[in-house]
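Data first, discussion second: the structure below is written as structure tokens.
The values are calculated or read from the model by the stated rules, or taken from the named source; none is laboratory data. Note that the structure is a prediction, hence the values are computed from the model and not measured. Every residue, glycine as well, gets a Cβ built from its backbone with ideal geometry; the counts of neighbours run over all protein chains shown. Accessible surface is based on the protein model in full, side chains and every heavy atom, while ligands, DNA and RNA are left aside. Shrake-Rupley method; radii C 1.70, N 1.55, O 1.52, S 1.80 Å.
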Amino acid sequence: MNASFHEIAGAISRANRVVILSHVRPDCDALGSQLALALSLQHLGKEVSAWNEDGLPDSYRFLRKSDLIVRPPVEPQDFEIAIALDTASQQRLGSTRGAIRRAEKWINIDHHASNPGYGDLVHIDTGAPATGQIIYEFLRAENLPLTDEGADALYAAISTDTGSFRYPNTTARTFEIASELIAGGVNAGAISKKLYESYPKRRVQLLGQILPQASFDAGDKVASMALTNETKKRLSIHADDIDGLIDYVRCVDTVIVALFFEELPEGRIRVSMRSKDDRVDVNKICCEFGGGGHPRAAGARIRGNLEEVRSKVLKRVFHEIAESL
Ligand code: AMP
Ligand code: MN
Ligand code: MN
């Protein structure tokens, strides 16, 4: 059973020391949600920390006041409330989890289907296209402040998790919220330019390296790309440069499932999966490999070398396509 917004707001209002967390390798939904909520609670006079294992990626520094989001401290700290946003499992909190010695209450606000509902007050809305949308509804329903910087952050969160309002998770309410944010002063064009037209040159150079080696299998229904540690090192690739590259094969007309395999330094492979058909649930497949996500966008981290993992995961996807379509 979901905790109501009112229960969550009540718990927060009684607290002073609050920490807000989001998932490792954060995307804009994670960071934007975190920033908007942190600024709102700061505005109420609370002592707010906002931590992410990876700190703040360069690509999101354009969000005003985003430097509030930092790596967790080495010395663990105590809080009255810890809030996890957009984070499908406790494990995905990474090193932020260990930086909290004690929290009297854990709040979990998310939209991932695979979220098991960890924490004391849990609000999971799998119908929401972005955690940013849930945060907007929460702040509005509970009459909590939404600062100008927070409004920008929520617009960016919602825009990115809906693929610029294109994915099927986009609802009429999503457009209403975008409209309200823009009416309130958000500059949609300026934010979109920062999000989608301000990549570092090395991202396009990376694409030039990996796209020629993309493979199309199962009658071109399955497309996959891979990125090695060697290429990352050679082109000085940052984690956030890789976000969204999967879309270059996902967008091919025949493709139903797109995959991206990224070698990680510690002997694991980070797999991203996208589905373009409701009959193929990539969350289900990623859960089998210890990951999770949404039916149409999911991921996992799998131990093994690139070729082993790629062939094992592709085999599972081919099987799913043969069974489901
Ligand atoms: P990505 O492919 O990294 O963009 O992730 C796609 C979606 O799946 C996002 O909503 C992620 O939060 C989620 N996700 C990615 N990896 C995992 C994982 N290991 N466990 C649970 N959810 C994940
Ligand atoms: Mn996310
Ligand atoms: Mn999200």
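Condition (residue is open to solvent by 40 Å² or more (accessible area, probe 1.4 Å), outside the structural domain of ALA88 (by TED's automatic domain parsing), touching a residue at least 40 places away in the same chain (Cβ under 8 Å) and more than 21 Å from ASP86 (Cβ to Cβ)) applied to segment 281-302: is it met by at least one residue? Looking through segment 281-302, none of the residues is open to solvent by 40 Å² or more (accessible area, probe 1.4 Å), outside the structural domain of ALA88 (by TED's automatic domain parsing), touching a residue at least 40 places away in the same chain (Cβ under 8 Å) and more than 21 Å from ASP86 (Cβ to Cβ). Against the numbered list (1) in contact (Cβ under 8 Å) with a residue 40 or more places away in the chain; (2) open to solvent by 30 Å² or more (accessible area, probe 1.4 Å); (3) under 17 Å from the mean Cα position of the chain (by Cα), LEU195 comes up short only at (2). Of the candidates PRO129, PRO116, PRO76, the single residue that is without any contact (Cβ under 8 Å) to a residue 40 or more places away in the chain, assigned by TED's automatic domain parsing to the domain that holds PRO26 and in contact with a Ser or Thr (Cβ under 7 Å, 6 or more places away or on another chain) is PRO116. Residues in segment 248-264 that are in a helix (DSSP H, G or I) and open to solvent by 30 Å² or more (accessible area, probe 1.4 Å): TYR248, ARG250.
What residue, of ARG173, ARG203, is open to solvent by less than 30 Å² (accessible area, probe 1.4 Å) and in contact with an Asp or Glu (Cβ under 9 Å, 6 or more places away or on another chain)? Please lay out each step first, then the result.
Details: ARG173 fails: open to solvent by less than 30 Å² (accessible area, probe 1.4 Å).
The conditions single out ARG203.
Just one of the listed residues (GLY55, GLY45) is surrounded by fewer than 17 Cβ atoms within 10 Å (Cβ to Cβ), under 29 Å from GLY163 (Cβ atoms), more than 16 Å from ligand 3 (Cβ to nearest atom) and among the small types (Gly, Ala, Ser), namely GLY55. Here the condition is being open to solvent by 50 Å² or more (accessible area, probe 1.4 Å) and within 16 Å of ligand 3 (Cβ to nearest atom); of ARG102, ARG92, ARG64, it holds for ARG92 alone.
Taking segment 105-129 as the range and being at negative phi, open to solvent by 30 Å² or more (accessible area, probe 1.4 Å) and away from ligand 1 (no atom under 12 Å from the Cβ) as the test, the residues that pass are LYS105, TRP106, ASP120, ILE124, ASP125, GLY127. When ARG274 is tested against the conditions (1) part of a strand (DSSP E or B); (2) open to solvent by 60 Å² or more (accessible area, probe 1.4 Å); (3) over 25 Å from ASP54 (Cβ atoms), the lone failure is (3).
Within segment 17-32, the set of residues being surrounded by fewer than 24 Cβ atoms within 10 Å (Cβ to Cβ) and near ligand 1 (Cβ under 9 Å from one of its atoms) comprises VAL24, ARG25, ASP27.
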